[in-house]
Structure formats: C-alpha cells, structure tokens
1. I'd like to check something: does the stretch 166-179 contain any residue that is part of a loop (DSSP other than H, G, I, E, B) and β-branched (V, I, T)?
2. Taking the condition of being touching a residue at least 12 places away in the same chain (Cβ under 8 Å) and in a loop (DSSP other than H, G, I, E, B), how many residues in the stretch 66-76 meet it?
3. For a quick check of your reading of the model, give me the residue pairs whose first member lies in the stretch 54-65 and is in contact (Cβ under 8 Å) with a residue 60 or more places away in the chain, whose second is assigned to a loop (DSSP other than H, G, I, E, B) and of a type in the set (F, W, Y), with beta-carbon atoms closer than 7 Å and at least 6 apart or on different chains.
4. Here are some conditions: (1) under 16 Å from P42 (Cβ atoms); (2) surrounded by fewer than 11 Cβ atoms within 10 Å (Cβ to Cβ); (3) aliphatic (A, V, I, L, M). A144 meets all but one. Which one does it not meet?
5. Quick check on my filter: what residues within the stretch 83-122 are of a type in the set (D, E, K, R) and either surrounded by fewer than 13 Cβ atoms within 10 Å (Cβ to Cβ) or outside any helix (DSSP H, G or I) (or both)?
6. Could you go through the stretch 138-152 and let me know if any residue there is in contact with a strand residue (DSSP E or B) (Cβ under 9 Å, 6 or more places away or on another chain) and under 30 Å from A27 (Cα atoms).
7. Exactly one condition in (1) within 15 Å of F177 (Cα to Cα); (2) part of a loop (DSSP other than H, G, I, E, B); (3) at pLDDT 90 or above is false for L79; which is it?
Amino acid sequence: MDHPELELDNPPASSPVDTPEHWRRFAPDLAADTVLFSELVPGGGHWSYRLPRGTTLRITALDAGANLSLVLYSAQEKLERYNMPDSLKAQHTAHYTRGHVLMSDMGRAMASITADSLGWHDPLGLLLDNRMMHEKYGDHAYQANRNGMTRSGRDGLLIEIGKYGLAKRDLVAPVNFFSKITVDA
C-alpha cells in the first residue's frame, strides 16, 4: 500500500488517541471526543482490541482489493465466539451488509453492521494459510526480509488471539470484510 500523498504514518505513542488529522481523513463526521483509538493496519498486518459493549468500530479500506479478516470472542467468556453458520442461517443470507448481526455460538449478538459503503462482505471465505501464502507471494521470511517479511492471515490471527490466552483450537471462520466471493454455477 503506497499513499505518500496522505502521509499515513501511525501516530506517536505519546499521543493519547492520535493526532486528530490522522483519523479525520477517514471519519470527518465523528466528534473528536467520541474517538477512542485509531490505527492504520498495513497490508499483511494484524491487530486486536477489546471493545466495550456499545462501541462502534469503523473499518476503512484504503485500496481496492483490501481484505480484513475479523473474528470475535466474548471478553467475559472466551468459549463464546462468532459463529458463521448460525449467523447466516438465522438471517437467511450468504453475505453480510448493513443491518446484519454477527452472532455467537450461544445465539447472542456480538456485533452488528450499522453502515456499509460496499454492500457485500464475505463470511464463507477462509484465512490465507502458509501454503497458499507461499504459492501466491513466495517466501518472505523475517530472517531474509526483516520488516519486508510477510505472514499469513492465519498466523496473524494466531498471534493476536494468543494475546488473550487462546490458541489454534480456538480459531473460527472469519468474516472477510471488503471481499465479495461468488460461487460459479
């Protein structure tokens, strides 16, 4: 991702949220006192956050072809997590857009999509694993490429859920935002 005209560096750690000019480029309609956090996640990056109930998470794709794989776990009970089959079945759909709810395996709403400028987000696709990553992009290990390394989506999610005491057995099917997958007849 290359956007030199936007100067999209992440803010310094000394700033409590970040410089308002950073997030206002993507959310000019938000009041400054309502923004808790802002982060630019580069392609191939990973990020996690514990969102309080009632918090809105705004996700913005900066490039065509962007994808964000989202998994959800309950902060109170880590065994409760996003459940793709139940979410789709209850809403009689095979994709997500504004008005859809992401449900847990215990039948509770974990998140809802309150706004959507794309109109279709894929709940059926998989995570990019190491084999597919190598086939698509070649080998870009840290030892040879340092900060130019690449990591599969699966490994990125394992790193993030590990921060909360979860492991490989806890991975669930993600929602792939900004991706539209269609089935050939």
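The values are calculated or read from the model by the stated rules, or taken from the named source; none is laboratory data. Quantities reported herein were computed from a predicted structural model and do not represent experimental measurements. Here the Cβ positions follow ideal geometry from the backbone for every residue, glycine too, while neighbour counts run over all protein chains shown.
1. Yes.
2. Counting residues in the stretch 66-76 that are touching a residue at least 12 places away in the same chain (Cβ under 8 Å) and in a loop (DSSP other than H, G, I, E, B) gives 6.
3. Filtered contacts from the stretch 54-65: A61/F178.
4. (1)
5. Within the stretch 83-122, K89, R98, D105, R108, D116, D122 meet the criteria.
6. Within the stretch 138-152 (the criterion being in contact with a strand residue (DSSP E or B) (Cβ under 9 Å, 6 or more places away or on another chain) and under 30 Å from A27 (Cα atoms)), the answer is no, since none of the residues qualifies.
7. So the condition that L79 fails would be (1).
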